[in-house]
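The values are calculated or read from the model by the stated rules, or taken from the named source; none is laboratory data. The structure presented is a predicted model; accordingly, all values stated were derived computationally and were not measured. When we count neighbours, we look across all protein chains shown, and the Cβ atoms used for this are built from the backbone with ideal geometry, even at glycine. Please note that ligands, DNA and RNA were not included when accessible areas were found on the heavy atoms of the full protein model with its side chains. Shrake-Rupley method; radii C 1.70, N 1.55, O 1.52, S 1.80 Å.
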Amino acid sequence: MSTIKLSIDGQEVEVEQGATVFQAAREAGISIPTICDHKDLSPYGACRMCVVEIEGVRGFPTSCTTPATQGMQVSTRTKRLTDLRNCTLELLFSGHPNSCFACPHREPCETHRPQATKAGRSTRCGFCANREECDLREMVLTSERQELKLPVMYSAYKLERDDPFMDRDYNLCVLCGRCWRICEKIHGEPAISIINRGKWSKISTAFDKSHLESGCNFCGACIDICPTGTLMDRYARWQGKPEHESVSACILCPNGCSVKAENKGGKLLAYTMPGFEAEDRLCALGRFGAAQIVNSTKRLTRPLVREDGDQIPMSWDDALQSVGKGLIARRGTVVVVISATTTREERFIYDRLATALQGHLIVLPFEADCETPKIKELSDSVQQGKVQALITNGPLVSPQILKNVEFSLVIDCLESMASQLATIVLPSAILSEVDGTFKTSSGKIRTLSKSSILPGGARPEWMIICLIAKVLGLNGFDFDRAETITSLIQDDPAPEKFEREPRNNCRDIPIRFRGHLVADFVPGLKAFELPTTLVDEAEDEICNGFALLEKKEIAPNMHLLIIEAPQVARFALPGQFVILMAKETSERSPFTLADWDANAGTISLIIEEVGRSSRELTSLTAGDQLAHVSGPLGLPLSIQEKGTIFLGGGCYGIGAIFPLARILHEAGNRVICMIEAASSHLLYWQQELAEVCDELLIATKDGSGGMHGGIQEGVSSVTEKEHINQCIIIGCTFMMQQVSDLTKTFDIPTLVALNPIMVDGTGMCGACRVSIANQTQFACVDGPFFDGHKVDWEELTLRRNAYAPQEIQALPQGIHLTSCLPTSTLKMGD
Amino acid sequence: MQSKTKPILEKKRTGKQRIKIPRQPMPEQDPRRRRANFEEVPKGYSEEVAILEASRCIQCKKPGCVEGCPVNIQIPEFIREIAAGKFLDAQNTLKKYTALPAVCGRVCPQEIQCESRCILGKKGEPVAIGRLERFAADYARKHNNIQKQPSCSHTGKRIAVVGAGPAGITVAGELSNRGHEVVMYEALHLAGGVLMYGIPQFRLPKEIVQYEINMLKNQGVSIHTDYVIGKSETVDQLMKQGFDAVFIGTGAGLPSFLGIEGENAIGVFSANEFLTRANLMRAVEFPRFATSPVIPHRAVTVGGGNVAMDAARTALRLGADSTIIYRRSREEMPARDEEIHHASEEGIVFHLLTNPIRIVTNERHQVTGVECLRMELGEPDTSGRRRPVPVQGSEFTIPADTVIIAIGNKPNPLIPQTTPDIQTSKWGTILTDETTMLTSKPGVFAAGDIVSGAATVISAMGQAKIAANAIHKFLIGETMGM
Ligand SMILES: Cc1cc2nc3c(=O)[nH]c(=O)nc-3n(C[C@H](O)[C@H](O)[C@H](O)COP(=O)(O)OP(=O)(O)OC[C@H]3O[C@@H](n4cnc5c(N)ncnc54)[C@H](O)[C@@H]3O)c2cc1C
Ligand code: SF4
Ligand code: SF4
Ligand code: SF4
Ligand code: FES
């Protein structure tokens, strides 16, 4: 094909004919900003970020749609282009949370808050799970704009989290169209498209159906290509950016698709498509299920050996000795049963072991269950005593066989009835923990490469077999890597073809993997009606619960809950908190009382969704019952006449300062209330507060309402005009710290309401300890109010983040918030 | 492991035959297995073994064991009933003295109480009284033996019981049996006190505690959980609301810390927090239960009591290499013998005569180790115990990512703080009259750890029993002068 030459920013570039200006620039290593363009998608020209100037061409053409021509003179970085792009960016951003960029406190905030809060709704960039991978954010940060002229138009679309595996928040969408374009490219008929016009344009399925009903195959391509945090993989979303990517293969079915294994800290986050071509697509099991299987709490992690009826955890050496004894005595009566979804190397080595033990190998079709004729046959041989020892790599045979056979060795990765019945269990590696090759049903050979860390004492199967052979004194098993086995493999049949095609229809997803029901480990698969032994978590009936009388989302992510709790309402004092448990399985989480009515016996709380516990609470609807409400707790604020009192509140703190303002005002103080939010649409209760204070001030981080900035700026400006006798601040740790640092310089006594992690909230555990002037105090009984100038803020911040990884793990993976949490391996007694 | 001797039912054995029967061992879960699960360690006697063990008792005329028991259970009587196969009778006998035999049988330090006084112990091994007590209670529970309610007319008197630990449960049971209306208030979301939040599942299954709580409810006791007296009503307000008496059994729930450098680091827990997460909040079933578990890899527990054993053994079961450090020597350890024995069987490492002096942390404020000093035993102190004194220059560091402080709990200060006319000692315990458990405030009684400081289940129940008797007399007007 012929080439052409053109000049971009003075640089001579040679490209093939037919390339766009954008492609030409990319090839020359000149980056032009874009949102909608993607190397694997055809040009679209929607975002208008990639505009360029071309000599002799009027206006500013989009480089992604303009073909490069011979001799073209292109400029990509003029002042006019920068201005234009900034305008475009601002326009793109007007519907998207953006206050972080205009916020004067962004940098200190980011060092203070290293992880995103686990909120379903991203109301600012700091709360977006996609923060580290957001192209948009990247672009704004490089543009260094700190000013927003256009008003923010938050559409307040409802969160879409009723589909399996995906969370969607279209409030973050910039309509770049990448998602539906990739969907169309891969599946022909896209499940999603742009609907409506103008301000209400939105990506959606036809007729706003759920993805489940829309024909979506849950391949996850749209998630991987979306430049923003709109589309999210529910399982991986809070884990951050993968640190390591490697090409491997999924062997959950005989298709053996190529995958990109994304890992962080040795943990598999997801299998994603290795490219954005139709043949790269994965099924929902591979894309979303693999990581959940690999990281399952039901992994086998230590060797178990049966002694006097009980399985005893043992060291590998001891367990191998027992295996040796069990097999040696039964030479000639050994059968090895493995699944077709085993690597070639492992199959080879199982076969070699079977032969060396004068037994034979049975390879079962991958989805086979115990009803397969081969297994029935085996059952008879066991009955007749012809088979006395069994080796298997999954729950592939019937429980009857395992009960009848004298000696059974289960080499497997996951708990099952087989591991429970086995004489000996050896824990093995799976999927991303394995090196080797796999022959797909179409005869292609794919390579698996190990990229994640094996849990506990698990080992790869080929290695386990070599170790067993060593104990048995067998020759021909001196392998130190899977690779060294590969070349010995001579004839290996391809697995039987899988009749269904899970990549084209998620209801065709394989039911089993090595005998295990996949939906037992991937609860989201229940949505496709895959069989499972998981039972829907029968909600413990809440008796003597506390009625939720009213619930409203009064600002995005801020929920007002009015609860019937007379014993709290009758005794509550300003500044106190309650401990709530939505369900019997919930955490005990503290919430400040925003209001109460002793006569009606009700309390009001403002709850911001930031993780599982708050989500459980905000998912309740009026008429539901809360399992537990305990309080009032903590020391109330001592009410005195002090003169001018400045009350500052952010986030839930806006509600929390309300009762304080009311009583301090009644006590004869001049009360100035200041509330802050990222943007004006996130403010609430202005009217209510205005009625109980002398002056209400407002600050927003993006300047969309009131003062540009936060409480910090407010304190400074008030002190210029009048003397403040006392500051009381309630909000996030970062804000309270910043304000305290500031008021210290002004010498204004400052109280802050601290919110460390609590367990009981009654002074019994000490989880809530904070250092105040180097003295340890329990925030739940000695607080929540402390002198802001004496708090050890660094300690508090670090302690508050102590459970971040567990919080991520606690987020439910099922479709319904409440159902299908995997049960843990640790069991309480019977 | 079981004895070959066949049980001889209904047949009288001679004294000689009895003495020949060895003390029946308790079947236990293999330590190699149980270190990875939360199932109960001792499996309990079978009926045959229980009868055999019971027939070892020679039915002393003046039984020492009864005196050794803080609540003076008529031990020979219930043992005789077990020997005769009348298991439900045995339970009814026990119930006359203790509200919670299934609990006492499991957690009492029998080796220094009843069993230490058993005559057989003089020459050989004492009768396994605790195991038999547990057997009878478990048998009755499994056979769902709902006791006959002593038909008792309502007295019309109301009593508030604050705190639903063993002390509160005992008082509530006793008084409701005698026809008084009992209302219990418990701060946490489940009743049971330390039995629920502190003592782990593998030692005291929570189902047993909840079974007992349900029995109380069936008996007509109303239990308000999530109710903190002193934050909602004060004791005074309770009295004003028409309660004729108030009982305080709020326990010793205020954890002590060492006061050494680094103690607020991430990874340092009070035993209360560590155990509450695992037990009450059931973090061992995370993520089904939402409370984050502590996932220790190298856990160091500081202390030598039951609490320390429980914490160290829980850490072990959560997958850690678990170490205990204790200032004094093994002899001084206040934990039950069985617990120390079980702990070392499970592979917990003991550093005795070792005192922590600093928690070592990294730049993220996370624990990386505990710096310790070796101690040696010096001159005996006033209590006669040889005081540990530091060995100069013996500092060393034990690597750890989790440190659990189990050096004791102080009385809960809330009630004394909010009830000014209840007098307390300098340790914060409530002062009471020993014979009635009456506090300095008329109509208000107290018992358990709030009176004695952190002690034992049975001593709390013993005191509570005294209190219940006194309250009853007070309510029916026999003792007016209070
Ligand atoms: C981990 C651990 C292991 C132990 N092991 C043993 C053992 O093996 N054997 C043994 O004999 N002893 C053991 N003990 C000690 C024993 O548990 C206690 O001595 C006993 O529980 C004391 O009973 P109590 O009723 O006085 O108090 P608690 O059991 O402490 O109960 C007090 C209850 O009152 C509630 N409460 C407190 N304040 C208020 C309020 N203001 N309003 C309402 N409710 C309130 C608390 O929430 C709590 O539920 C152990 C203790 C711990 C912590
Ligand atoms: S997608 Fe997330 S990180 Fe990116 S700009 Fe939007 S809110 Fe911020
Ligand atoms: S959802 Fe993502 S990929 Fe789709 S249009 Fe919106 S921003 Fe673009
Ligand atoms: S179709 Fe799905 S399960 Fe099968 S190999 Fe591909 S991604 Fe894995
Ligand atoms: S939360 Fe347990 S002591 Fe404060």
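The figures follow:
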| read-out | value |
| --- | --- |
| Trypsin sites (Lys or Arg not before Pro) within the stretch A:282-354: DSSP coil, no more than 15 neighbouring Cβ in 10 Å | A:Arg331 |
| Over the stretch A:372-449, equivalent-ellipsoid semi-axes from the Cα gyration tensor in Å | 28, 16, 9 |
| Theoretical gain in end-to-end length, A:Lys721 to A:Glu529 [0.36 nm per residue, Cα-Cα removed] | 62.5 nm |
| Given charges at Cβ of Lys, Arg, Asp, Glu: the stretch A:3-142 dipole, positive-most of A:Val52, A:Phe127, A:Leu84 | A:Phe127 |
| Beta bridges per DSSP with both ends in chain B, % antiparallel, nearest 5 | 40 |
| The stretch A:764-776 - phi-based ³J(HN,Hα) in whole Hz, Karplus 6.51/-1.76/1.60, Gly and Pro as x | 9, 10, x, 4, 8, 5, 10, 9, 10, 6, 6, 9, 7 |
| Cut-off 11 Å, label 7 Å out along Cα→Cβ of A:Glu132, residues of the stretch A:202-243 by amide N | A:238-243 |
| Probe 1.4 Å - accessible area at B:Val389, Å² to nearest ten | 50 |
| Spin-label proximity, A:Asp317 to the stretch A:463-487 - amide N less than 15 Å from point 7 Å beyond Cα toward beta carbon | A:471 |
| Per-residue average of Cβ from other chains inside 10 Å of A:558-569 | 1 |
| Neighbourhood charge, 11 Å Cβ-Cβ cut-off, centred on B:Val66 and excluding it, Lys, Arg +1 and Asp, Glu -1 | 0 |
| Surface share of carbon and sulfur [accessible, 1.4 angstrom probe, percent] for the stretch B:292-406 | 47 |
| Normalised convex hull volume, chain B, alpha-carbon set, Å³ per residue | 166 |
| Percent carbon-and-sulfur accessible area, the stretch B:15-142, ignoring ligands, DNA and RNA, probe 1.4 Å | 51 |
| Which listed pairs, of A:Lys118/A:Lys158; A:Lys552/B:Lys231; B:Lys16/B:Lys123; B:Lys61/B:Lys122, have C-alpha distances above 25 Å, in listed order | A:Lys552/B:Lys231 |
| Total formal charge among the other residues, if their Cβ is under 14 angstrom from that of A:Asp308, Lys/Arg +1 and Asp/Glu -1 | +1 |
| Two-site label geometry, A:Lys552 and B:Asn214: point separation in nm, points 7 Å out along Cα→Cβ | 4.2 |
| Candidate residues A:His559, B:His143: accessible-area rank, largest first, probe 1.4 Å | B:His143, A:His559 |
| Neighbourhood charge, 13 Å Cβ-Cβ cut-off, centred on A:Glu14 and excluding it, Lys, Arg +1 and Asp, Glu -1 | -2 |
| Per-residue mean of C-beta atoms belonging to partner chains within 10 Å, peptide B:290-302 | 4 |
| Reachable lysines from A:Lys744, criterion Cα separation under 21 angstrom, eight or more residues apart if same chain | A:Lys642, A:Lys721, A:Lys790 |
| Charge dipole magnitude, Cβ of K and R +1, D and E -1 - the stretch A:3-142, Cα centre, debye nearest 20 | 620 |
| Accessible surface buried upon B-A contact (total; probe 1.4 Å; Å², nearest 100) | 5100 |
| Accessible area in square angstrom per residue, the stretch A:546-633, 1.4 angstrom probe | 28 |
| Relative intensity, log₁₀ I(q)/I(0), of the stretch A:3-142 from a Debye sum that treats every alpha carbon as a point, q = 0.09, 0.12, 0.21 Å⁻¹ | -0.34, -0.57, -1.20 |
| D (Stokes-Einstein, µm²/s), Kirkwood Cα radius, the protein assembly as shown, 0.692 mPa s at 37 °C | 94 |
| Phi-based couplings in Hz for the stretch B:415-426 (Karplus 6.51, -1.76, 1.60; Gly and Pro marked x) | 5, x, 4, 9, 10, x, 8, 9, 7, 10, 7, 6 |
| Span from the the stretch A:1-53 Cα centroid across to the the stretch A:161-209 one, whole angstrom | 27 |
| Three-way shape label, the stretch B:292-406, alpha-carbon gyration tensor, a/c 1.5 | oblate |
| Low-density loop cleavage sites - trypsin sites (Lys or Arg not before Pro) in the stretch A:164-234, where at most 14 other Cβ are within 10 Å (DSSP) | A:Arg197, A:Lys209 |
| Accessible surface of the stretch A:636-741, 1.4 Å probe, proportion on carbon and sulfur as whole % | 46 |
| Accessible area in the full protein assembly, largest first, 1.4 Å probe, for A:Lys79, A:Lys264 | A:Lys79, A:Lys264 |
| Segment A:Asp310-A:Met153, length gained on full extension (0.36 nm per residue, minus Cα span) | 50.2 nm |
| For the stretch A:158-272, alpha-carbon Rg over 2.2 N^0.38 Å | 1.12 |
| Neighbour-limited loop hits for GluC sites (Glu not before Pro), the stretch A:1-79 (at most 13 other Cβ within 10 Å; DSSP other than H, G, I, E, B) | A:Glu55 |
| Among beta bridges that DSSP assigns inside the protein assembly as shown, antiparallel share in %, nearest 5 | 55 |
| 10 Å Cβ neighbours from other chains, averaged over peptide B:365-372 | 1 |
| Given A:Lys209/A:Lys264; B:Lys95/B:Lys206; A:Lys260/A:Lys450; A:Lys264/A:Lys298, the pairs whose alpha carbons are separated by over 23 Å | A:Lys209/A:Lys264 |
| Which of A:Arg769, B:Arg35 is most accessible, then next, and so on - probe 1.4 Å | B:Arg35, A:Arg769 |
